[in-house]
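Enquirer: The following block contains the structure, expressed as structure tokens.
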Amino acid sequence: MDTASEVPNRATTDAGEPVDKIVKQSARALLFDSERRLVFIKRIKPGQEPYWVAVGGGLEPEDADAELALRREVFEELGGEIGEVRQVFLITDALPDGIGLQHVFAARLISMDLAARTGPEFTEPGYGTYEVVTVPATREGLASIRLLPTELAEFARVNVNGLQALAEVAKTRAPLTGEPPWKR
């Protein structure tokens, strides 16, 4: 199979170049709290070494776009609200039937109420534990944890100062008011 038309799930550009079909998307945030720390989820699963992930998750059919999916995920995982967001990175994963896109945003965490978290990951023991942790927003702080995926860890370490500056700019803007967009 040498041509794109012979490969299942493959589209082509106007020039006939193959383009993989997007089969999965997620939205994650490098979240900065009011004390200039990064907020992560520490995952602990039986029989595995602990690891840290950025808050976020998969896009659902009802999500209009990656940003709204992120806002929904922040509420589900942290009982939280975020201010302005900026997409700062995109990770492309090769999957058996196409590609997956991980949209990575920088944002400031405005509020958090862990008692308001929702989802099966918090009630079903098979998921392991989801511990909300903060890490100093420094290269050293990021180097002290096992942040996955590794592409995100490297990006965050190299760009932590710029990412924090973006979050500070967003801090000066008015927060969102009214009903959250994912609940409209």
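The values are calculated or read from the model by the stated rules, or taken from the named source; none is laboratory data. Note that the structure is a prediction, hence the values are computed from the model and not measured. Glycine gets a Cβ as well: all are built from the backbone with ideal geometry, and neighbour counts include every protein chain shown.
Enquirer: Scan Gly100, Gly57, Gly119 and give me the residue that is of a type in the set (Gly, Ala, Ser), in contact (Cβ under 8 Å) with a residue 40 or more places away in the chain and buried (at least 16 other Cβ atoms within 10 Å of the Cβ).
Expert: Within the list Gly100, Gly57, Gly119, the selection yields Gly100.
Enquirer: Right, another one. Can you report the number of residues in segment 134-155 which are surrounded by fewer than 14 Cβ atoms within 10 Å (Cβ to Cβ) and either without any contact (Cβ under 8 Å) to a residue 12 or more places away in the chain or part of a strand (DSSP E or B) (or both)?
Expert: Going through segment 134-155 one residue at a time, the tally reaches 5.
Enquirer: Report whether or not Thr134 is at pLDDT below 95, touching a strand residue (DSSP E or B) at 6+ places or on another chain (Cβ under 7 Å) and among the hydroxyl-bearing types (Ser, Thr, Tyr).
Expert: In short, no.
Enquirer: Also, I was wondering about something else. Here are some conditions: (1) surrounded by fewer than 18 Cβ atoms within 10 Å (Cβ to Cβ); (2) in contact (Cβ under 8 Å) with a residue 40 or more places away in the chain; (3) over 20 Å from Leu59 (Cα atoms). Leu114 meets all but one. Which one does it not meet?
Expert: Just one mismatch for Leu114, condition (2).
Enquirer: Got at least one residue in segment 1-18 being among the hydrophobic types (A, V, I, L, M, F, W, C), out of contact with any Asp or Glu (no Cβ under 7 Å at 6 or more places or on another chain) and at pLDDT 80 or above?
Expert: No, segment 1-18 contains no residue that is among the hydrophobic types (A, V, I, L, M, F, W, C), out of contact with any Asp or Glu (no Cβ under 7 Å at 6 or more places or on another chain) and at pLDDT 80 or above.
Enquirer: Of all residues in segment 21-41, count the ones that are touching a Leu at 6+ places or on another chain (Cβ under 8 Å) and surrounded by fewer than 18 Cβ atoms within 10 Å (Cβ to Cβ).
Expert: 6
Enquirer: From the list Glu76, Glu84, Glu62, which one is within 21 Å of Gln25 (Cα to Cα), surrounded by 13 or more Cβ atoms within 10 Å (Cβ to Cβ) and more than 14 Å from the chain's Cα centre (by Cα)?
Expert: On inspection, the qualifying residue turns out to be Glu84.
Enquirer: While we're here: Taking segment 74-106 only, how many residues are touching a helix residue (DSSP H, G or I) at 6+ places or on another chain (Cβ under 7 Å), small (Gly, Ala, Ser) and over 15 Å from Ile41 (Cβ atoms)?
Expert: Of the residues in segment 74-106, 2 are touching a helix residue (DSSP H, G or I) at 6+ places or on another chain (Cβ under 7 Å), small (Gly, Ala, Ser) and over 15 Å from Ile41 (Cβ atoms).
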